[in-house]
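Trainee: First the structure, then my questions, so here it is.
The values are calculated or read from the model by the stated rules, or taken from the named source; none is laboratory data. Quantities reported herein were computed from a predicted structural model and do not represent experimental measurements. Cβ placement follows ideal geometry from the backbone for every residue including glycine, while neighbour counts extend to all protein chains displayed. Ligands, DNA and RNA are excluded from the accessible area calculation, which covers all protein heavy atoms including side chains. Shrake-Rupley method; radii C 1.70, N 1.55, O 1.52, S 1.80 Å.
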Amino acid sequence: MHSVPPPSQGSFLRAVFRHWITLVGGCAVIVLLGIGERTTGKNIPRSIYLLMLALLFCVACYLAWRDERRMRGEEFSLYQSEKAKQNEILQKLENQEDRQARRKWLREQLGKLLKEGDQIRWGVMSQKAGAHREHTQWIIRVNEFLSQEPEFDLSHRARFDATQLAAISEFIKEFN
């Protein structure tokens, strides 16, 4: 973020001078004093004018300070909002990386389960002793895995259950 350079004494005095000139040139009190002096013919003491100029100088100092403070406040607000945006982006990236890592782990686990399932299925097809029990245990492990993982909703589990029920019913028909 580009920041506003810190104010120098010269820039502050220039801001005070700009405000002071504006106040002196547009101040109704000074204009009324001048009009009153001309219409009454009485001279207003110079000390009144100097007092007014000094008072307006104090007001100009305040206005220059207020402008600088507002500018710094806006800069700080922009800094805070940019920082919040950066934090939000970082959080999204971390969440995305976490999700990607989680999905990679899930793919690996499902791959292991599928390889194990293929081996068990070949054992069942070749009528290996105890293969049906291994198959049932494998189905239970897969169901437990799917039910514990929030990534998988009921439709995923229902599809797996339907597939396994069809396979089990085929095995039962084969061996009856």
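Trainee: Could you list, in sequence order, the residues of the stretch 55-72 that are within 13 Å of ARG18 (Cα to Cα) and open to solvent by less than 70 Å² (accessible area, probe 1.4 Å)?
Mentor: Residues satisfying the conditions are LEU56, VAL59, ALA60, CYS61, LEU63, ALA64, ASP67.
Trainee: For the stretch 30-41, what are the residues that are β-branched (Val, Ile, Thr) and open to solvent by 70 Å² or more (accessible area, probe 1.4 Å)?
Mentor: Across the stretch 30-41, the qualifying residues are VAL31, ILE35, THR39, THR40.
Trainee: For ILE44, all conditions in the list (1) assigned to a helix (DSSP H, G or I); (2) open to solvent by less than 100 Å² (accessible area, probe 1.4 Å) hold save one; what is the number of the exception?
Mentor: Only one criterion is unmet by ILE44, namely (1).
Trainee: Just one of ILE120, ILE168 is of a type outside the set (Asp, Glu), surrounded by 10 or more Cβ atoms within 10 Å (Cβ to Cβ), touching a Phe, Trp or Tyr at 6+ places or on another chain (Cβ under 8 Å) and at pLDDT below 80; which is it?
Mentor: From the options ILE120, ILE168, the qualifying one is ILE120.
Trainee: Please give the number of the condition GLU97 fails out of (1) within 25 Å of the chain's Cα centre (by Cα); (2) without any contact (Cβ under 8 Å) to a residue 24 or more places away in the chain; (3) within 30 Å of PHE12 (Cβ to Cβ).
Mentor: Status for GLU97: all satisfied but (3).
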